[in-house]
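**Student:** Pasting a structure below so you can have a look.
Laboratory data are not the source of any read-out in this text; all were calculated from the coordinates shown. All values reported here derive from a predicted model rather than from experimental measurement. So basically every Cβ, Gly included, is an ideal-geometry build from the backbone, and we count neighbours across all protein chains shown.
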Amino acid sequence: MFSRTVTIVVAFAAAVTATPAEAAPCLVPAADREVVFTVDGTATYGTLHVPEHLAGQRLRAALLLPGSGPTDRDGSQPPAAQNTLALVAGALGTDRVATLRFDKYGTGRTGLGAYRDHPEALDYPAFVRQAKAAYESLRDQPETDPAALMVVGHSEGGMTALLLAGTVRPRPAGVALLQPQAIRLLDLVALQLHAQTAEAVRLGQLTPEQQDAVDAAIDAAVTALRAHRPVDTTGLPPALAQLFTAFQGPSGRFVDSDDAVYPPDTAAALRPGTRVLLTCGTNDTQVPCATTEALTTALRRAHTTGPGRVPLPGVDHLLHDAAHPATPAPAVLDALHRFAGH
């Protein structure tokens, strides 16, 4: 009887001792934290979003890259708060993907940094180097898996994503190009301006003869910029004359270096098997679907994998549709889930 009692006590003690080792791992709630990294002498500030995960777990992670102009880490341009990238970060978080978004040069807390006293020296390669430093910062975060990194770029950020994906180490497992700049910058500008003159004719603001004259002046301005000759603005409406004057002035170095990149050429450097999503919205007047055709072909030749190009019915450049004017359209969320949920 005594020995049976001892056996029961020993078995109970063993069970109690084993309980902590068998307890469920600790669940870490979703959280944002500020990240700072330095590139070319400039402290760059960003937000790391880490979704809910198990303690010690390494997560897939994506670098988010903003569009052109003064677009900050959240994907907003003052004074509006579009929050395009912040909303994309939230969507990816539902698939347990950590994200890093940052204030690029000229925006948010980063500002112009080392270019404060000579902003005219800021060129497109500087933004690419900044994005590369951000990728390396994301790679080194304790919650991220360096073997499962992705790059997600919106608009001009899509072109930057392509450039990064072919050069960084480790190579990203996936690249998402959301309404990307898929042709040369000045070709895209000319396309947009020609569309505006056609709309002006439709509204009765210009005659067809005036449209022909303005379109010819736009094409001549692009040719002059690429030849580094002064632009003749006499045939342009005031707003367009001001735009092309700026392209030759303080923004000249950036415009020239951005326009030098033809995005389909960059696809050849992607690692075969890289998972790629390329979206285009049928209501996107800034980056029409037709502009992505050459890039789509180049991605196929580079032996990338799906989802590939996904047309988004009724979606505009900021990823909205008529029923969702302030949040990503369901078609966008579905495409992101197909890409990141794989």
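**Student:** Between the range 314-342 and the range 28-97, how far is it from one alpha carbon centroid to the other, in angstrom?
**Tutor:** 18 Å
**Student:** Further question on the same structure: Please give the contour-minus-distance gain from Thr38 to Thr285: 0.36 nm per residue of separation, less the Cα-Cα distance, rounded to one decimal in nm.
**Tutor:** Contour length minus the Cα-Cα distance gives 85.4 nm.
**Student:** Considering amide H positions built from the backbone, and no H for Pro or chain starts, which residues 5 or more places from Ala62, or on another chain, come under 5 Å of its amide H?
**Tutor:** Ala98, Thr99, Leu100, Met150
**Student:** Each label point is 7 Å from the Cα along the Cα-to-Cβ direction; what then is the distance between the points at Ala81 and Arg129, in nm?
**Tutor:** Here the answer is 3.4 nm between the modelled labels.
**Student:** Here is a further query. Which ³J(HN,Hα) values in Hz, rounded to whole numbers, follow from the phi angles of the range 133-138 under the Karplus curve 6.51 cos²θ - 1.76 cosθ + 1.60, where θ = phi - 60° and Gly and Pro get x?
**Tutor:** Result, ordered by residue: 5, 5, 4, 5, 5, 4 Hz.
**Student:** Sort Cys26, Cys280, Cys289 so that the residue with the fewest other Cβ atoms within 10 Å of its own Cβ comes first and the one with the most comes last.
**Tutor:** Cys26, Cys289, Cys280
**Student:** Report relative contact order for the chain in percent, whole number only (criteria: Cα-Cα under 8 Å, sequence separation at least 6).
**Tutor:** 15 percent
**Student:** Continuing with the same structure: Under the rule of at least 5 residues apart or a separate chain, name every residue whose amide H is placed under 5 Å from the amide H of Gln82.
**Tutor:** The answer is Gln77.
**Student:** Given the options Leu64, Leu122, Leu206, state which has the largest fluctuation in a GNM of the chain using a 10 Å cut-off (strictly under) for Cα springs.
**Tutor:** Most flexible of the set in this elastic network: Leu206.
**Student:** What is the range 36-142 by shape, rounded, prolate or oblate, if you read a ≥ b ≥ c off the alpha carbon gyration tensor as root eigenvalues and call it rounded for a/c under 1.5, prolate for a/b larger than b/c, and oblate otherwise?
**Tutor:** Oblate, since a/c reaches 1.5 and b/c is not below a/b.
**Student:** Now, a different point. List the cysteines of the chain that have no other Cys Cβ closer than 4.7 Å: which are they?
**Tutor:** Cys26
**Student:** Which Cα, out of Gln196, Thr234, Thr245, lies furthest along the positive dipole direction of the range 185-257 (beta carbon charges, K/R +1, D/E -1)?
**Tutor:** Going by the charge dipole, the pick is Thr245.
**Student:** A follow-up question, please. From the backbone phi of the range 26-32, what are the Karplus-calculated ³J(HN,Hα) couplings (6.51 cos²θ - 1.76 cosθ + 1.60, θ = phi - 60°) in whole Hz, Gly and Pro given as x?
**Tutor:** 6, 8, 9, x, 4, 7, 10
**Student:** Another question, if that's okay. Taking only the alpha carbons of the range 185-257, what extent do you get along each of the three principal axes, in Å, biggest first?
**Tutor:** Here the spans come out as 37, 21, 17 Å, largest first.
**Student:** Using only the Cα atoms of the range 265-342, construct the convex hull and provide its projected area averaged over every direction, in square nanometres to one decimal.
**Tutor:** Spelled out: convex hull of the Cα atoms, projected over all directions, averaged, 5.2 nm².
**Student:** Next question, about the same structure. So between Arg96 and His337, what do we pick up on full extension, going 0.36 nm a residue minus the alpha carbon distance?
**Tutor:** Extra length available between Arg96 and His337 comes to 85.7 nm.
**Student:** Among Glu34, Glu136, rank each residue by its count of other Cβ atoms within 10 Å, from fewest to most, as a rough exposure measure.
**Tutor:** Glu34, Glu136
**Student:** Shifting gears a bit: Return the long-range amide H neighbours of Thr144 (sequence gap of 5 or more, or a different chain), with a cut-off of under 5 Å between placed amide H atoms.
**Tutor:** Leu59
**Student:** Additional query: Using the Cα centre as the reference, give the magnitude of the dipole from point charges on the C-beta atoms of the chain (Lys, Arg: +1; Asp, Glu: -1; all else neutral), rounded to the nearest 20 debye.
**Tutor:** Its charge dipole is roughly 1340 debye.
**Student:** Next question, about the same structure. Using +1 on the beta carbon of Lys and Arg, -1 on that of Asp and Glu, and nothing else charged, what's the dipole of the range 185-257 about the Cα centre, debye to 20?
**Tutor:** 260 debye
**Student:** Hey, another quick one. Sort Ser76, Ser251 so the one with the fewest other Cβ atoms within 10 Å of its own Cβ comes first.
**Tutor:** Ser251, Ser76
**Student:** Another question, if that's okay. When you take every Cα atom in the range 188-230, what is the radius of gyration, and what is Dmax, the widest Cα pair distance, in Å?
**Tutor:** 11.3, 35
**Student:** Calculated FRET efficiency, Thr223 and Arg116, Cβ-Cβ r, R0 51 Å, to nearest 0.05?
**Tutor:** 0.90
**Student:** How large is ³J(HN,Hα), in whole Hz, for each residue of the range 211-224 in order, when computed from phi with the Karplus curve 6.51 cos²θ - 1.76 cosθ + 1.60 and θ = phi - 60°, using x for Gly and Pro?
**Tutor:** Those phi angles translate into 4, 4, 5, 5, 4, 5, 5, 5, 5, 5, 5, 5, 4, 5 Hz.
**Student:** With runs of 4+ DSSP H residues as the only contributors, calculate the mean residue ellipticity of the chain at 222 nm using -39,500 (n - 2.57) per run, divided by the residue total and rounded to the nearest 500.
**Tutor:** Result for the chain: -12500 deg cm²/dmol, rounded to the nearest 500.
**Student:** When the chain is treated as a GNM, springs tying every alpha-carbon pair under 10 Å, which of Val28, Val152, Val97 comes out with the largest mean-square fluctuation?
**Tutor:** Of the options given, Val28 has the highest mean-square fluctuation.
**Student:** May I ask for the equivalent-ellipsoid semi-axes of the chain, computed as the square root of five times each C-alpha gyration tensor eigenvalue and listed largest first in whole Å?
**Tutor:** Working from the Cα gyration tensor, I get semi-axes of 48, 21, 18 Å.
**Student:** May I ask which residue of Thr292, Leu270, Pro313 lies farthest towards the positive end of the charge dipole of the range 223-342, with charges of +1 (Lys, Arg) and -1 (Asp, Glu) on Cβ and the Cα centre as origin?
**Tutor:** Positive-end residue among those listed: Leu270.
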